[in-house]
Amino acid sequence: MTKNIINFIVTILLAALLSLFLPWWSVMTAALTTSICIPLKKVAVFFVPFFSILIFWATYCFMLSSANDFTLAKKISQLLQLGGNPYILILFTGILGGLAAGVIAVFGKQIVIFSRSK
Amino acid sequence: MKYIKLLTSFIFSVGIFYVLNTKLSEAPPLGKFLNPSSGIWQNETDESITGEISITGLTDKVIVHYDEYMIPHVFAQNEQDLYKAQGYLTAKHRLWQLEFQTYAAAGRLSEIFGERALNYDRTERRRGMGYGAEQAIAYMKKYDPETLSFIQDYADGVNAYIDQLNPDDYPVEYKLLDYKPEAWSPKKTALLLMYMTKMLAGYEDDLEYTNVLRLVGKENFDLLFPDFFDITDPVIPKDTDWSFIDVPQTKLPDSQVVLDTISVTIEKPHPDNGSNNWAVSGEKSVTGNPILANDPHLSLNLPSIWFVMQLSSPNHNVFGATIPGALGVISGFNQHIAWGETNATRDVIDWYKIEFNDNRTQYKYDNQWKEVSIRVEDIKIKGQENYKDSVLYTHHGPVVYDKNFKSENQKSGYAMRWIAHDGGNNQKTFIQLNKAKNYNDYVSALQYWNAPAQNFVFASTEGDIALWIQGKFANKWEGQGKFLMDGSEPENDWQSYIPQKFNAHTKNPDRGFVSSANQHPVDENYPYYIFNDGYETYRNRVINEFFNSKDKFSVQDFKDLHNNNLNLKAKELVPYMLQHMDTSSLSTEEKEIYREIQAWSFNNDIDEVGPSIWRQWYGKLYSMLWDEFEAQDMALTSPYTYQTIYLLKNHGNHEFMDIVETKGKTETAKDLFLLAFKKACQSLKEIKEQEGNYTWSNYKGTYAGHLLQGLPAFSRFDIPIGGDRNIVNATSEDHGPSWRMIVEMTSPPTALGIYPGGQSGNPGSQYYDNFINDWAAGKYYSLNFLPSNEVTNTVIGTQTLTPASND
């Protein structure tokens with residue numbers, strides 16, 4: 001349980017740090033790193049980094065967008081055919097980031113398993 | 001098993017990376033596009049308008065005050081810095097538009113959109129857009145390095161902004177289309193000016209007319225497309241004395257029209273592009289000060305075509321609408337004068353048939369063979385190999401149509417003669433107008449203006465009003481350039497130009513006002529040959545009648561006139577149709593609509609139904625009347641509104657009234673009125689069923705579309721504004737007064753202005769479209785013309801641009 005929380009927090013912190021230097025895939029880099037350094041078990045392998053990045057991105061988006069009355073988020077939500085609802089766009093963004101993080105964390109886990117079994 | 005799991009999870013990881021990082025068909029690369037640290041969420045903000053910014057290349061501090069409309073008031077210590085700051089600030093607020101317009105001008109859209117833009121790009125290149133821009137730069141290099149150096153300053157300013165941008169800061173459109181800004185150059189300014197020339201004075205129907213002439217014969221052609229209508233209310237008043245002109249019109253040669261069949265022609269600018277401007281003298285003004293107004297009617301786009309600025313140096317102080325990419329103010333005022341433009345309806349493009357030798361290296365001219373020069377247009381296409389298009393150039397200009405483009409003739413083609421290819425120094429006109437102090441300065445600034453031909457209205461604090469029709473005009477022989485000409489006959493070339501001082505103009509006319517609205521420039525007495533397609537005949541008469549209707553006018557009168565919705569063409573035809581139409585066969589529903597239009601007072605106000613009925617009725621009538629021109633296998637054009645209405649009323653039994661399809665029956669105008677009315681009623685019924693009603697605002701649904709093919713999310717729809725084409729408030733579905741300005745020549749001038757958009761190009765900014773509602777309601781903003789860089793209570797933020805130190 002504690003490992004899950006540690007992984008969750010470290011993934012967010014690392015992703016936030018890396019996003020200062022790297023493009024969007026900083027979240028993938030962060031999730032890969034924590035999945036190797038703080039390996040998790042079973043569904044947590046995917047879901048911890050997934051929620052970690054989802055919450056990071058969604059919160060960040062909300063902070064930026066709410067400060068500007070969601071002006072652009074409404075338009076982009078319409079553009080991407082999400083009904084013009086900014087909250088759906090925020091959630092959608094979070095899920096995308098989460099998915100990328102979760103998927104690569106599964107790969108990280110496989111690296112750990114693979115290297116241990118050698 | 002381990003291997004498989006490792007490999008599968010690896011493939012998934014790569015897969016999701018690829019999907020989120022790559023632009024797939026229309027969708028942006030979603031990971032790049034949506035991530036909060038560098039994606040569109042970074043654009044969810046207004047622009048910064050405070051602090052200090054250091055800029056390379058500045059020689060001194062530049063103070064920029066912003067007012068509540070986000071209008072920058074720029075105070076520079078010298079002119080070089082001023083244009084650097086203009087470039088910098090334009091890029092800051094409008095970077096994507098600034099660059100996109102020049103991509104469009106240069107025929108480079110395939111670089112952004114891929115192959116689907118190739119046909120557009122080829123058209124623009126064959127039109128010689130790039131060639132014309134290069135000619136302009138070459139001309140300036142040779143004759144006017146000063147202007148070119150200002151253009152370089154502007155470029156430096158734009159580049160200073162681009163250089164300090166991170167990918168996080170790119171405007172939304174770059175992120176959406178997944179590309180990045182490139183460096184700005186003087187050639188891009190020249191391309192922008194070519195773009196304006198094309199848009200404003202690039203309309204002509206010479207090749208269509210050639211087809212029509214062959215189809216209907218000369219007598220009918222002259223009836224349908226006369227040089228002058230039965231009424232003219234020209235830009236330059238009728239009683240003007242031309243006796244000072246001592247250079248005669250070119251003598252008519254024994255020239256024959258080339259009656260070719262042309263199947264398709266290249267895309268033309270929108271016919272709704274037009275404008276109004278007018279000025280009243282001090283004697284005709286309530287306050288004793290001249291008052292001037294301008295409203296250019298252009299495509300209603302977001303970001304708006306205009307960007308309003310105040311530009312000040314120690315030597316001048318000017319305010320008004322700028323166009324991203326061009327230097328200085330285009331329509332505006334300074335402490336001494338005000339000016340504005342409308343399109344001058346002059347034919348500045350002609351077409352020549354070219355005959356080539358067998359291997360297309362030479363063409364026939366004056367019974368000899370002349371060398372063709374080849375310009376290879378190398379068109380980059382996103383995701384594909386480049387497309388190379390060899391365009392042949394003759395002394396006339398580029399051979400736009402040949403066997404490689406819209407034509408099948410192996411050994412001939414059509415070359416375009418366009419004044420915009422001649423090079424010139426149009427930018428200098430604006431730079432000088434910005435600094436002009438009086439009538440003489442204004443006239444001297446205009447002499448550099450070649451194209452697009454414009455009606456420049458003028459008023460000064462000294463009390464003068466004036467209007468010059470300025471451009472570089474060929475001195476044509478009677479009828480020259482109306483149709484396709486034989487390019488091998490020297491007599492068909494443009495023989496000379498009308499000396500600039502003989503361009504039609506008027507200064508302080510007796511009637512106490514000047515005005516223009518894209519109508520005939522002059523009447524028959526002007527000693528040079530004038531012909532153009534599509535003379536306005538309604539707005540001009542409403543405007544002139546208004547100014548003849550009383551002795552004194554106020555700023556309020558000017559506002560009322562800008563917002564005047566009188567539909568004169570309906571007023572001139574509807575009563576006649578109602579009177580002459582046989583109503584006995586009308587159904588109850590049709591009678592109801594009949595009563596509705598009968599009750600209409602011919603104003604295109606938003607709540608009226610009359611304008612919608614008129615649109616439907618006249619639209620159906622027009623296509624029934626000109627059904628002869630619907631032949632599919634060639635490019636044709638049908639007569640303009642004024643002549644159509646004239647023919648309906650005066651030649652109601654002419655053979656053209658007959659509907660070709662109905663064999664054995666000969667329709668007259670009266671029959672068409674009824675048939676068209678019934679068809680219109682049917683359409684109106686359908687609209688009512690679908691939309692609930694057909695009030696004018698609902699029917700018209702005016703919108704301001706985003707420059708990127710009207711991307712709905714970044715556009716504004718259903719803007720409640722009246723008017724229509726041929727109405728002083730010329731707002732149709734997607735065209736209209738793109739900038740409304742009224743300037744009273746107090747000392748310093750007091751001015752009002754508004755445009756349908758906002759100062760910001762960022763769809764995430766509240767300043768993106770914040771003027772639209774007030775614009776639609778006919779409101780204006782008072783323009784804060786700051787006398788100096790002192791902060792006043794109208795300033796909401798100040799940004800200082802400082803020279804970057806060299807270390």
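The values are calculated or read from the model by the stated rules, or taken from the named source; none is laboratory data. It should be emphasised that the depicted structure is a prediction, and the values quoted were computed from it without experimental measurement. Please note: Cβ atoms are built from the backbone with ideal geometry, for glycine as well, and neighbour counts cover all protein chains shown.
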**Message:** Against the definition (assigned to a loop (DSSP other than H, G, I, E, B) and not acidic (Asp, Glu)), how does B:LYS428 come out, yes or no?
**Reply:** no
**Message:** Looking at region B:111-123 only, could you name the residues that are farther than 16 Å from B:ILE374 by Cα and not β-branched (Val, Ile, Thr)?
**Reply:** B:GLU111, B:PHE113, B:GLY114, B:GLU115, B:ARG116, B:ALA117, B:LEU118, B:ASN119, B:TYR120, B:ASP121
**Prompt:** Considering region B:181-202 alone, what residues qualify as being at pLDDT 95 or above and part of a loop (DSSP other than H, G, I, E, B)?
**Reply:** B:PRO181, B:GLU182, B:ALA183, B:TRP184, B:SER185
**Request:** State the number of residues belonging to region B:706-730 that are among the hydrophobic types (A, V, I, L, M, F, W, C), under 18 Å from the mean Cα position of the chain (by Cα) and surrounded by fewer than 23 Cβ atoms within 10 Å (Cβ to Cβ).
**Result:** 2
**Extreme residue, nearest to the chain's Cα centre (by Cα), among residues of region B:668-682 that are surrounded by fewer than 18 Cβ atoms within 10 Å (Cβ to Cβ) and touching a residue at least 24 places away in the same chain (Cβ under 8 Å)** = B:LYS679
**Request:** For B:LYS411, state whether it is modelled with pLDDT under 95, surrounded by fewer than 19 Cβ atoms within 10 Å (Cβ to Cβ) and on the phi < 0 side of the Ramachandran plot.
**Result:** yes
**Complete:** Of the residues in region B:336-371, those that are within 28 Å of the chain's Cα centre (by Cα) and not hydrophobic (A, V, I, L, M, F, W, C) number 10
**Message:** Going through A:SER66, A:SER115, A:SER77 one at a time, which residue ends up being at pLDDT below 95 and not β-branched (Val, Ile, Thr)?
**Reply:** A:SER115
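Let's see how each residue does on (1) farther than 30 Å from B:ASN315 by Cα; (2) facing chain A (nearest Cβ under 9 Å); (3) touching a Ser or Thr at 6+ places or on another chain (Cβ under 9 Å); (4) among the aromatic types (Phe, Trp, Tyr):
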| residue | (1), (2), (3), (4) |
| --- | --- |
| B:LYS32 | yes, yes, yes, no |
| B:LEU82 | no, no, yes, no |
| B:TYR88 | no, no, no, yes |
| B:LEU95 | no, no, no, no |
**Request:** Scan region A:57-91 for residues that are in contact with a Ser or Thr (Cβ under 8 Å, 6 or more places away or on another chain) and either surrounded by fewer than 21 Cβ atoms within 10 Å (Cβ to Cβ) or within 20 Å of A:ALA30 (Cα to Cα) (or both) and jot them down.
**Result:** A:TRP57, A:ALA58, A:TYR60, A:CYS61, A:ALA67, A:ASN68, A:THR71, A:GLY83, A:GLY84, A:ASN85, A:ILE88
**Message:** So, B:SER623, is that one under 30 Å from B:GLN519 (Cβ atoms) and free of Cβ contacts under 8 Å to residues at least 40 places away in the same chain or not?
**Reply:** yes
**Request:** Taking B:GLY481 as the residue in question, decide whether it is in contact with a strand residue (DSSP E or B) (Cβ under 7 Å, 6 or more places away or on another chain), in the same structural domain as B:PHE456 (by TED's automatic domain parsing) and at pLDDT below 95.
**Result:** yes
**Search result, residues across region B:650-679 that are assigned to a loop (DSSP other than H, G, I, E, B) and touching a Ser or Thr at 6+ places or on another chain (Cβ under 7 Å)** = B:GLY652, B:ASN653, B:ASP658
**Message:** Of the residues B:ILE597, B:ILE613, B:ILE593, only one is touching a Cys at 6+ places or on another chain (Cβ under 6 Å), buried (at least 19 other Cβ atoms within 10 Å of the Cβ) and either modelled with pLDDT under 95 or farther than 30 Å from B:LEU484 by Cα (or both); which?
**Reply:** B:ILE593
**Asked** Is it true that B:ILE721 is in a loop (DSSP other than H, G, I, E, B) and among the β-branched types (Val, Ile, Thr)?
**Response** yes
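Yes or no, residue by residue, for (1) in a helix (DSSP H, G or I); (2) out of contact with any Lys or Arg (no Cβ under 7 Å at 6 or more places or on another chain); (3) facing chain A (nearest Cβ under 7 Å):
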{"site": "B:LEU6", "(1), (2), (3)": "yes, yes, yes"}
{"site": "B:SER9", "(1), (2), (3)": "yes, yes, yes"}
{"site": "B:VAL14", "(1), (2), (3)": "yes, yes, no"}
{"site": "B:LEU20", "(1), (2), (3)": "yes, yes, yes"}
{"site": "B:PRO36", "(1), (2), (3)": "no, yes, yes"}
{"site": "B:ILE49", "(1), (2), (3)": "no, yes, no"}
{"site": "B:SER54", "(1), (2), (3)": "no, yes, no"}
**Request:** Please state which one of B:ALA138, B:ALA155 is modelled with pLDDT of 95 or more, hydrophobic (A, V, I, L, M, F, W, C) and surrounded by 19 or more Cβ atoms within 10 Å (Cβ to Cβ).
**Result:** B:ALA155
**Prompt:** Of the residues that make up region B:234-254, is at least one among the aliphatic types (A, V, I, L, M), surrounded by 15 or more Cβ atoms within 10 Å (Cβ to Cβ) and either modelled with pLDDT under 90 or closer than 30 Å to B:LEU98 by Cα (or both)?
**Reply:** no
**Request:** For region B:38-47, enumerate the residues that are facing chain A (nearest Cβ under 8 Å) and not in a helix (DSSP H, G or I).
**Result:** B:SER38, B:GLY39, B:GLU44, B:THR45, B:ASP46
**Message:** So, B:GLY710, is that one assigned to a loop (DSSP other than H, G, I, E, B), at pLDDT 95 or above and not charged (D, E, K, R) or not?
**Reply:** no
**Asked** Do you know which residues across region B:535-569 are among the aliphatic types (A, V, I, L, M), more than 12 Å from B:ALA517 (Cβ to Cβ) and in contact with a Phe, Trp or Tyr (Cβ under 8 Å, 6 or more places away or on another chain)?
**Response** B:LEU566
**Asked** For region B:326-360, what are the residues that are in contact with an Asp or Glu (Cβ under 9 Å, 6 or more places away or on another chain) and outside any strand (DSSP E or B)?
**Response** B:LEU327, B:ILE330, B:HIS336, B:THR345, B:ASP347, B:VAL348, B:ARG360
**Message:** List the helices (runs of 4 or more DSSP H) inside region A:19-96, counting only whole elements, that have at least 1 residues being touching a Cys at 6+ places or on another chain (Cβ under 8 Å) and within 10 Å of chain B (Cβ to nearest Cβ).
**Reply:** A:71-79
**Message:** I'm trying to understand the selection: among the residues of region B:771-807, which are within 17 Å of B:MET309 (Cβ to Cβ), in a loop (DSSP other than H, G, I, E, B) and touching a Gly at 6+ places or on another chain (Cβ under 9 Å)?
**Reply:** B:PHE771, B:LEU783
**Message:** Can you find a residue that is touching a residue at least 60 places away in the same chain (Cβ under 8 Å), more than 14 Å from every other protein chain (Cβ to nearest Cβ) and part of a helix (DSSP H, G or I) anywhere in region B:66-79?
**Reply:** yes
**Asked** Looking at this structure, is A:GLY108 modelled with pLDDT of 95 or more, surrounded by 17 or more Cβ atoms within 10 Å (Cβ to Cβ), more than 7 Å from chain B (Cβ to nearest Cβ) and outside any loop (DSSP other than H, G, I, E, B)?
**Response** no
**Asked** Which condition breaks for A:VAL10 when tested against (1) surrounded by fewer than 18 Cβ atoms within 10 Å (Cβ to Cβ); (2) in contact with a Ser or Thr (Cβ under 8 Å, 6 or more places away or on another chain); (3) within 13 Å of chain B (Cβ to nearest Cβ)?
**Response** (3)
